[in-house]
Amino acid sequence: MSHEPSLWDRKVAANPDHSRWYIQRFREMAANGVDLLGEARTIDAMAARGSRILDAGCGPGRHGGWLAAQGHTVVGVDGDAVLIEAAQEDYPDATWLVSNLADLDLPARGVTDPFDLILCAGNVVTFLAASTRSIVLQRFAAHLAEGGRAVIGFGTDRGYAVAAFESDLAKAGLEVQGRFATWEMHPFVGGDFLVAVVGRAS
C-alpha cells in the first residue's frame, strides 16, 4: 500500500547521505561514552526476562540490540534499509526487518508471536506523515500480546499534540495507562516531552 512519505523519507530524498551520517553520529557518540540507552533500560525494567519486544522505528538498532543482549527476543523494524543494514551489522542477536510502520504485518513475514512490549522512541511518531499516525498505532495494537504494552516517547512541540495523539490511540483501540515526562518516569505535567505507556482499551 502506498502511504504519504514520512518526514524521514523526505530528509533522505533531499540528502541521500542522511542515513549514513545518522549512523556515524551515533556510533561516534557511543564510542565517546555518551549514554544512549536510557529508553532501553526503561523497557528492560518493565519486561519479564525473555520477553518479546518490538523496537518500532528502530533506526540503527542501539535499543533493540541492547535489549537482545539482556536476553529478550527482539524484532526491530524500520522503513530505512540503510539503518537496518547497520543494525544487522552491529547487533546480530536481534531480528531486523525493513518495513514501513503503516504496513506493519509481522505474521506475514514469519514473525507470528505477538509482543509483550513495543518500544517506539526517538520521536518516531513525530516523523510519521500525519495521515499515517493513527494507522501506525492500529498496527501496534494488532501486534500486542494479551496484556502487552507499548511505550511511545516524543516531543510534544514537534507537531503532534497530546490531544491528537490520544485521539489516535482511541481510534486504534488503545488507551494511556501512564504519562511521564522522561524515560526515567518523572510525572508528566504538560511539558515538552511525553513518554506514554499504552495498552489495549478496557
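The values are calculated or read from the model by the stated rules, or taken from the named source; none is laboratory data. Predicted, not measured: the structure shown is a model, and the values here were computed from it. Positions of Cβ are generated from backbone atoms using ideal geometry, with glycine treated the same way; all protein chains shown enter the neighbour counts.
For TRP96, only one of the following conditions fails: (1) within 24 Å of PHE154 (Cα to Cα); (2) of a type in the set (A, V, I, L, M, F, W, C); (3) surrounded by fewer than 22 Cβ atoms within 10 Å (Cβ to Cβ). What is its number?
Going through the list (1) within 24 Å of PHE154 (Cα to Cα); (2) of a type in the set (A, V, I, L, M, F, W, C); (3) surrounded by fewer than 22 Cβ atoms within 10 Å (Cβ to Cβ), TRP96 breaks only (3).
From (1) in contact with a Lys or Arg (Cβ under 8 Å, 6 or more places away or on another chain); (2) surrounded by fewer than 22 Cβ atoms within 10 Å (Cβ to Cβ); (3) of a type in the set (A, V, I, L, M), pick out the condition that doesn't hold for ILE118.
(2)
Output yes when any residue across the stretch 171-184 is under 20 Å from MET46 (Cβ atoms), touching a residue at least 24 places away in the same chain (Cβ under 8 Å), surrounded by 14 or more Cβ atoms within 10 Å (Cβ to Cβ) and touching an Asp or Glu at 6+ places or on another chain (Cβ under 8 Å), and no when none is.
Checking the stretch 171-184: at least one residue is under 20 Å from MET46 (Cβ atoms), touching a residue at least 24 places away in the same chain (Cβ under 8 Å), surrounded by 14 or more Cβ atoms within 10 Å (Cβ to Cβ) and touching an Asp or Glu at 6+ places or on another chain (Cβ under 8 Å).
Can you pull out every residue in the stretch 66-83 that is over 16 Å from ASP113 (Cβ atoms), of a type in the set (A, V, I, L, M, F, W, C) and either at pLDDT below 95 or surrounded by fewer than 23 Cβ atoms within 10 Å (Cβ to Cβ) (or both)?
TRP66, ALA69, ALA81, VAL82, listed by residue number.
Need the failing condition index for VAL111 against (1) free of Cβ contacts under 8 Å to residues at least 40 places away in the same chain; (2) in contact with a helix residue (DSSP H, G or I) (Cβ under 6 Å, 6 or more places away or on another chain); (3) closer than 19 Å to CYS58 by Cα, just the number.
The single condition VAL111 does not satisfy is (2).
Do we find a residue being crowded, with 18+ Cβ neighbours inside 10 Å, touching a residue at least 60 places away in the same chain (Cβ under 8 Å), in contact with a Lys or Arg (Cβ under 8 Å, 6 or more places away or on another chain) and not acidic (Asp, Glu) anywhere in the stretch 126-146?
Within the stretch 126-146 (the criterion being crowded, with 18+ Cβ neighbours inside 10 Å, touching a residue at least 60 places away in the same chain (Cβ under 8 Å), in contact with a Lys or Arg (Cβ under 8 Å, 6 or more places away or on another chain) and not acidic (Asp, Glu)), the answer is yes, since at least one residue qualifies.
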